[in-house]
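A short write-up of the structure that comes next.
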Amino acid sequence: MFANLVTEYARAVNDEACGVPVISTAWDSVTAAECAAASEAAVGRHAAFLGAALEPLPKKETAAQMAHSREVRLELAKFSARAEGPGAAAAALGAERAMDEAFEEWRGREQGG
């Protein structure tokens, strides 16, 4: 993340339209990008989990719900280890909602189809 911060700051220094670069602006940009990447990774891994780990389970069973809940907690922990900054909480909430929606969509599909 530090390398991205330096890159963003150097870009601002070299961009005449930016004027004097502000380290907080560069930090906000880097953390927003990292939050987006962490969220995308968490949702992607969760989608793979739905397809592989949960597919054998009956969709309406408590076991599927419990497995999904454990996976969401795991993915949010990975997200938190990677994402920082003022937008991290909102990005985590968005990722959690996306995973919950994907689970409900998965559950709504016909068994075996």
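A few comments on the model shown:
- Residues that are farther than 28 Å from VAL30 by Cα and exposed (fewer than 13 other Cβ atoms within 10 Å of the Cβ) within the stretch 87-113 comprise GLU104, GLU105, GLY108, ARG109, GLU110, GLN111, GLY112, GLY113, listed in sequence order.
- Filter result (touching a helix residue (DSSP H, G or I) at 6+ places or on another chain (Cβ under 6 Å) and either touching a residue at least 60 places away in the same chain (Cβ under 8 Å) or at positive phi (or both)) within the stretch 72-113: GLU84, GLY85
- When the stretch 39-56 is filtered for residues that are over 11 Å from GLY87 (Cβ atoms) and touching a residue at least 24 places away in the same chain (Cβ under 8 Å), the ones remaining, listed by number, are ALA41, ALA42, VAL43, ARG45, HIS46, ALA47, LEU50, LEU54.
- Among residues of the stretch 42-52 being closer than 21 Å to ALA32 by Cα and small (Gly, Ala, Ser), the one that is surrounded by the fewest Cβ atoms within 10 Å (Cβ to Cβ) is GLY44.
Every residue, every condition in (1) of a type in the set (A, V, I, L, M); (2) surrounded by fewer than 17 Cβ atoms within 10 Å (Cβ to Cβ); (3) modelled with pLDDT under 95, yes or no:
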position: PHE2; (1), (2), (3): no, yes, yes
position: ASP15; (1), (2), (3): no, yes, yes
position: LEU54; (1), (2), (3): yes, no, yes
position: THR62; (1), (2), (3): no, yes, yes
position: ARG73; (1), (2), (3): no, yes, no
position: GLY85; (1), (2), (3): no, no, yes
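The values are calculated or read from the model by the stated rules, or taken from the named source; none is laboratory data. Predicted model only: the values in this text are computed from it and were never measured. Positions of Cβ are backbone-derived with ideal geometry, glycine not excepted, and every protein chain shown enters the neighbour counts.
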